[in-house]
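The structure's right below; bear with me while I get my questions together.
The values are calculated or read from the model by the stated rules, or taken from the named source; none is laboratory data. A quick note: this is a predicted structure, and the numbers were derived from the prediction, not measured. Using ideal geometry, Cβ is built from the backbone for each residue, glycine included, and neighbour counts are taken over all protein chains shown. Heavy atoms of the whole protein, side chains included, go into the accessibility calculation; ligands, DNA and RNA do not. Shrake-Rupley method; radii C 1.70, N 1.55, O 1.52, S 1.80 Å.
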Amino acid sequence: MKSTSAPVLGRLSPREQLTAGRLPRRLVQLVVGLVVYGFTMALMVRAKLGNDPWDVFHQGLSVRIGLSFGTVVILVGVLVLLLWIPLREMPGLGTVLNTILIGAAADVALHLISTPHAMSGRITFAAAGIVGNGVATAMYIGAQLGPGPRDGLMTSLHRRTGWPIGVVRTGLEITVVVVGLLLGGVFGVATLAYALLIGPLVQLMLPRFIVDLAPAALRQPRVRRDPDPYGSWLWSGRQFSEGWH
């Protein structure tokens, strides 16, 4: 008889991520999620009402060094992955594809999309970017093929320092926003809306996109039953350390 329990996120090693089953379905969901993520980033950039925290930094750096926005997203992802080495974090296939595809998709979208003239259009772009980003995040995390570079940095810092996940996440995002502003990135009302809404959006959408894996593939003592990959700032460090990272 088929289990009626809700699918869960397992804490899987890179090898287990590839051998846990349903790989074609998970790869398709991963790639689609990453491409949609890049397009929704571009919508927020074109809205000019404020980027998400990391994209304030990406945009500011792009302005300063003269490289495309998507190229900077890729380069920053690679640099963040280098920070994983002393933290002893192992990337998965999803981590590698995350590093490459999101930036590439963002550049394609920015080439195709222009900033609307009307404020209503810019608000629509920002809203679609935030909601779409939440859906895309749930898709690539639900594929269970490894976290993105920035997600992994956050969770590994939490594990190594023992600081609550909310403190680590907030500290990282404040840092990249401040540096991004100094470099010329756009901070605005959409940045604040993103910070407030992305956690609840991902938590709402994630159960719909978690690919159910064979029970043997999951390390049951390390599986979180109420997954929220971003770790709401209300969560305690203990709670998050028991879940996906």
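Return the pair list, or none, for Cβ contacts closer than 7 Å from residues in the range 171-182 that are within 12 Å of ASN51 (Cα to Cα) to residues that are open to solvent by 80 Å² or more (accessible area, probe 1.4 Å), at least 6 apart or on different chains.
VAL177/PHE187; LEU181/PHE187
For the range 73-95, enumerate the residues that are open to solvent by 50 Å² or more (accessible area, probe 1.4 Å) and either at pLDDT 95 or above or not aliphatic (A, V, I, L, M) (or both).
LEU75, VAL78, LEU79, PRO86, ARG88, PRO91
Go over the candidates LEU34, LEU27 one by one and state the one that is under 20 Å from the mean Cα position of the chain (by Cα), modelled with pLDDT of 95 or more and open to solvent by 10 Å² or more (accessible area, probe 1.4 Å).
Residue meeting the stated conditions: LEU27.
Considering only the range 54-72, how many residues are part of a helix (DSSP H, G or I) and either open to solvent by 10 Å² or more (accessible area, probe 1.4 Å) or out of contact with any Gly (no Cβ under 9 Å at 6 or more places or on another chain) (or both)?
Restricting attention to the range 54-72, the residues satisfying the condition of being part of a helix (DSSP H, G or I) are 54-65, 69-72.
Retained after the next criterion (residues that are either open to solvent by 10 Å² or more (accessible area, probe 1.4 Å) or out of contact with any Gly (no Cβ under 9 Å at 6 or more places or on another chain) (or both)): 54, 57, 59, 61-65, 69, 71.
Counting residues in the range 54-72 that are part of a helix (DSSP H, G or I) and either open to solvent by 10 Å² or more (accessible area, probe 1.4 Å) or out of contact with any Gly (no Cβ under 9 Å at 6 or more places or on another chain) (or both) gives 10.
Could you tell me which of the residues GLY92, GLY70 is touching a residue at least 60 places away in the same chain (Cβ under 8 Å) and closer than 30 Å to ILE210 by Cβ?
Being touching a residue at least 60 places away in the same chain (Cβ under 8 Å) and closer than 30 Å to ILE210 by Cβ holds for just one of GLY92, GLY70, which is GLY92.
Within the range 200-209, is even one residue under 13 Å from PRO53 (Cβ atoms) and open to solvent by less than 80 Å² (accessible area, probe 1.4 Å)?
no
Restricting to the range 97-116, count the residues that are assigned to a helix (DSSP H, G or I), aliphatic (A, V, I, L, M) and open to solvent by less than 70 Å² (accessible area, probe 1.4 Å).
8
Continuing with the same structure: Can you name the residue in the range 13-24 that is touching a helix residue (DSSP H, G or I) at 6+ places or on another chain (Cβ under 7 Å) and aliphatic (A, V, I, L, M) and, of all such residues, is most open to solvent (accessible area, probe 1.4 Å)?
LEU18
Taking only pairs six or more apart or across chains, which ones have beta-carbon atoms under 6 Å, a first residue in the range 107-136 that is among the hydroxyl-bearing types (Ser, Thr, Tyr), and a second residue that is modelled with pLDDT of 95 or more and open to solvent by 50 Å² or more (accessible area, probe 1.4 Å)?
Once the first residue is among the hydroxyl-bearing types (Ser, Thr, Tyr) and sits in the range 107-136, its partners that are modelled with pLDDT of 95 or more and open to solvent by 50 Å² or more (accessible area, probe 1.4 Å) give THR115/ARG46; THR115/LYS48.
Please verify whether the range 117-134 includes one or more residues that are closer than 26 Å to LEU87 by Cβ, open to solvent by less than 50 Å² (accessible area, probe 1.4 Å) and not in a loop (DSSP other than H, G, I, E, B).
Within the range 117-134, one or more residues are closer than 26 Å to LEU87 by Cβ, open to solvent by less than 50 Å² (accessible area, probe 1.4 Å) and not in a loop (DSSP other than H, G, I, E, B).
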